[in-house]
Protein chains: 4
Amino acid sequence: MSKSRMEAFSDGVIAILITIMVLELKAPHATDWSALAPLAPVFVAYVLSFVYLGIYWNNHHHMLHAARKVTGRVLWANLHLLFWLSLLPFATAWMGENHFAALPTALYGAVLLCAAIAYWLLQNSIIAAEGPESTLARAVGTDWKGKASILLYAAAIPLAFVREWLADVVYTGVALLWLVPDRRIEKALAER
Amino acid sequence: MSKSRMEAFSDGVIAILITIMVLELKAPHATDWSALAPLAPVFVAYVLSFVYLGIYWNNHHHMLHAARKVTGRVLWANLHLLFWLSLLPFATAWMGENHFAALPTALYGAVLLCAAIAYWLLQNSIIAAEGPESTLARAVGTDWKGKASILLYAAAIPLAFVREWLADVVYTGVALLWLVPDRRIEKALAER
Amino acid sequence: MSKSRMEAFSDGVIAILITIMVLELKAPHATDWSALAPLAPVFVAYVLSFVYLGIYWNNHHHMLHAARKVTGRVLWANLHLLFWLSLLPFATAWMGENHFAALPTALYGAVLLCAAIAYWLLQNSIIAAEGPESTLARAVGTDWKGKASILLYAAAIPLAFVREWLADVVYTGVALLWLVPDRRIEKALAER
Amino acid sequence: MSKSRMEAFSDGVIAILITIMVLELKAPHATDWSALAPLAPVFVAYVLSFVYLGIYWNNHHHMLHAARKVTGRVLWANLHLLFWLSLLPFATAWMGENHFAALPTALYGAVLLCAAIAYWLLQNSIIAAEGPESTLARAVGTDWKGKASILLYAAAIPLAFVREWLADVVYTGVALLWLVPDRRIEKALAER
């Protein structure tokens, strides 16, 4: 099976998710500075989710670039990832519009956790199709980043009920961890 | 005619349908657990429709992978399928927001029925263009799954007025029937 | 310049226009048959606009299939067409929600008229780039259909103020004219 | 890394941004001419933003056409550009619905300024990957247009608080500057 349609479909879904999140930024009726103030937490939540969706798109791009085979199982693992990402706009809106209250912040973490697990399952399903000697398998290696992210999200969910900002620190920290460019796949491809 | 634009256009429409359905999950104003409760049926309806759109996308992907020719008739048969799929967000919202009441549940089944018939017509129009000896014709065979789905949806519509949950069982059952991977096309391609 | 990105961008815009039109079909709060009645004109307007966007996508697909060169002028002529098509959801909603009142129906015709002129300009800009001996120029020929559509839309606009349904008859008639498959381009390609 | 997915993703985001802007044109409940009057400034703002997104898409198309390599840094520079463009619908709605009041008009200019800087950073990151002897580097040259646009936006922001229409003149003027076809890249490609 060709991987181009799976890429195109994922691109479409992620592109739309990014842009419908911005619909939560509703134009206020007043036109002074104070009218913008209530939008600040919504905007901050939007920036965080934009960065997360950008990271997912970027990593997805790299992962599929290194992949060669797409099986029926891979297609469903990909749809499973897109399902959790599709809940991000809801979680973002709930968190942003309620000034990062405890439960919405915990739910945001739960969506990130499920998406991270879904990404890991997708990665495994591609490696299973390609074999342990494939470019992707070698590039991923022990995948400490993916595993650490899952643990950190899992820790952030209860933290949101203790001190809400602790969870935000974790979400931001994990995003920064991934923003640092991941050269594993580019390196493995260059070696090939 | 090349099939790539028809694939890209269908990917776009299905990707957008999936993501606009999630807009029905509106962020509540309260931030406690009880605020999430009214969203539960909306969420369940979303999951069901996400799975259905995922199945359609997956099968569409396989079907066009096996196809070679795209005629004007195929383009319109494809648009006809997309028309019925485009009504799924409306039917999902009406069913989910009204706690799976009888008429909305029956309408949901009617949309699924029309989409299944449209898929069958699209399949026939491609086979008509490719000939009975084509990969797709051999892969589809008697297509008992497609025909059984159409009969089951047709049965579920009156059932929704008797006991609403009976219709839900049928919709879920048919989805599970398709989630079990359909290896016919992959097998026929491998044999080629 | 390659034409694939122009195709992909146009596909994206038309796919989104089709799907945001369906957002006007808002799920009613009641769950009986009478709750669906007010949606009937909105649904009829949606079907008409879906068919029109399907025709534009289909013809656009055929036209670009026959084209080889894409210049800067062609890119802008394409954006100009997409601009008028982007107003179709607004015109559809205004007409459908107001039970096909005179002014909204006339505005709908004006958007169709502008889109038809924009399509004709796009066709001319491609033929100008390809030359009068090109496949597209021969396929289009005298283009009586395109010219007749422009005249019919122009006639329908004042008719909407006389008897509103006369304009609807014209819009439906022109759509049927185009639904009859246009074999010119397929024929010209086959001859090549 | 291949550039096709970055193109497809950017096309998707820009196509969706264009079409969600049109959602601000809400169908009025009345059906006479006076019902359309309040939509006039919203429509004018939509046209301006449509043209700007068209210019960005067009230039992005040309720039990537001339590019050969896409690195991780380029992918993030592209996402950074898309982030600022994604704020354009919000700025457009705020400006249009408030009859081009001072602060919304200034904010609109600020979004254009940030997008222009992001475009310039993207261009630099591609040139850095391709080298100073690349087609793109030669085509861009001194890039007076890009630099002049940044200066003009920066000047328009304070002007919006003096006389609001002065800022509008600048935004329209810069758009016209870019609408005049930019033959640099086409020329450099032809020379290659």
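The values are calculated or read from the model by the stated rules, or taken from the named source; none is laboratory data. If you're wondering where the values come from, they're calculated on a predicted model, not measured in any experiment. Glycine also receives a Cβ, built like all others from the backbone with ideal geometry; neighbour counts cover every protein chain displayed.
Among the residues of the stretch C:128-148, those that are closer than 19 Å to residue C:55 by Cα and crowded, with 18+ Cβ neighbours inside 10 Å comprise C:136, C:139, C:140.
Of the candidates A:84, A:33, the single residue that is among the aromatic types (Phe, Trp, Tyr), farther than 18 Å from residue A:134 by Cβ and more than 13 Å from the chain's Cα centre (by Cα) is A:33. Annotation: of all residues in the stretch A:87-97 being in contact (Cβ under 8 Å) with a residue 40 or more places away in the chain and at the interface with chain B (Cβ under 7 Å from one of its Cβ atoms), the one that is farthest from the chain's Cα centre (by Cα) is A:97.
Selection of first residues in the stretch D:129-148 that are over 16 Å from residue D:74 (Cβ atoms) and of second residues that are at pLDDT below 85, restricted to Cβ pairs under 6 Å at least 6 apart or on distinct chains, gives the following pairs, ordered by first then second residue: D:138/D:188; D:139/D:66; D:139/D:184; D:139/D:185; D:139/D:188. Residue A:50 meets the conditions (1) more than 11 Å from chain B (Cβ to nearest Cβ); (2) free of Cβ contacts under 8 Å to residues at least 12 places away in the same chain in every case but one. The failed one is (2). Taking the stretch D:58-86 as the range and being more than 9 Å from chain A (Cβ to nearest Cβ) and of a type in the set (Gly, Ala, Ser) as the test, the residues that pass are D:66, D:67, D:77. Test residue A:44 against the stated conditions and say whether it is at the interface with another protein chain (Cβ under 9 Å from one of its Cβ atoms), modelled with pLDDT of 95 or more and surrounded by fewer than 20 Cβ atoms within 10 Å (Cβ to Cβ). Spelling it out, it is not the case that residue A:44 is at the interface with another protein chain (Cβ under 9 Å from one of its Cβ atoms), modelled with pLDDT of 95 or more and surrounded by fewer than 20 Cβ atoms within 10 Å (Cβ to Cβ).
Within the stretch A:130-167, being touching a helix residue (DSSP H, G or I) at 6+ places or on another chain (Cβ under 6 Å) and over 30 Å from residue A:66 (Cβ atoms) holds for A:157, A:159, A:160, A:161, A:164, A:166, A:167. The combined condition, being aromatic (Phe, Trp, Tyr) and within 24 Å of residue D:63 (Cα to Cα), is fulfilled by residue D:83.
Across the stretch B:1-31, the number of residues qualifying as out of contact with any Phe, Trp or Tyr (no Cβ under 9 Å at 6 or more places or on another chain) and not in a helix (DSSP H, G or I) comes to 5. Among the residues of this structure, residue D:177 counts as one that is under 15 Å from the mean Cα position of the chain (by Cα), surrounded by fewer than 17 Cβ atoms within 10 Å (Cβ to Cβ) and under 30 Å from residue A:18 (Cβ atoms). Just to be sure before I move on: is residue A:26 basic (Lys, Arg) and within 24 Å of residue B:36 (Cβ to Cβ) in the structure I sent? Taking the combined requirement at face value, the residue satisfies it.
Filtering the stretch D:1-25 to residues that are at the interface with chain C (Cβ under 8 Å from one of its Cβ atoms) and either more than 21 Å from the chain's Cα centre (by Cα) or among the β-branched types (Val, Ile, Thr) (or both) leaves D:14, D:16, D:18, D:19, D:20, D:22. If we scan the stretch D:23-40, do we find a residue that is buried (at least 19 other Cβ atoms within 10 Å of the Cβ), closer than 25 Å to residue C:10 by Cα and without any contact (Cβ under 8 Å) to a residue 24 or more places away in the chain? The answer is yes, given that some residue of the stretch D:23-40 is buried (at least 19 other Cβ atoms within 10 Å of the Cβ), closer than 25 Å to residue C:10 by Cα and without any contact (Cβ under 8 Å) to a residue 24 or more places away in the chain.
Restricting to the stretch D:117-127, name every residue that is within 12 Å of residue D:149 (Cα to Cα) and surrounded by 22 or more Cβ atoms within 10 Å (Cβ to Cβ). First the steps, then the outcome.
Start the filter on the stretch D:117-127 by keeping residues that are within 12 Å of residue D:149 (Cα to Cα), which leaves D:117, D:119-120.
Of everything in the stretch D:117-127, just one residue is within 12 Å of residue D:149 (Cα to Cα) and surrounded by 22 or more Cβ atoms within 10 Å (Cβ to Cβ), namely D:119.
Assess whether residue B:151 counts as being surrounded by fewer than 17 Cβ atoms within 10 Å (Cβ to Cβ), touching a residue at least 40 places away in the same chain (Cβ under 8 Å) and within 16 Å of the chain's Cα centre (by Cα). The answer is no for residue B:151. Comparison of C:79, C:75 shows that the only residue that is touching a residue at least 24 places away in the same chain (Cβ under 8 Å), buried (at least 18 other Cβ atoms within 10 Å of the Cβ) and under 20 Å from residue D:11 (Cα atoms) is C:75.
In the condition set (1) on the phi < 0 side of the Ramachandran plot; (2) more than 14 Å from chain C (Cβ to nearest Cβ), residue D:55 is compliant with all but (2). Out of everything in the stretch A:98-108 that is buried (at least 23 other Cβ atoms within 10 Å of the Cβ) and in contact (Cβ under 8 Å) with a residue 24 or more places away in the chain, what residue ends up being farthest from the other protein chains (Cβ to nearest Cβ)? Checking each candidate, the answer is A:108.
For the structure I just gave you, tell me whether residue B:46 is over 23 Å from residue B:117 (Cβ atoms), under 16 Å from the mean Cα position of the chain (by Cα) and assigned to a helix (DSSP H, G or I). Yes.
Screening residue D:165 on (1) free of Cβ contacts under 8 Å to residues at least 60 places away in the same chain; (2) surrounded by fewer than 18 Cβ atoms within 10 Å (Cβ to Cβ); (3) of a type in the set (Phe, Trp, Tyr) shows it passes everything except condition (1).
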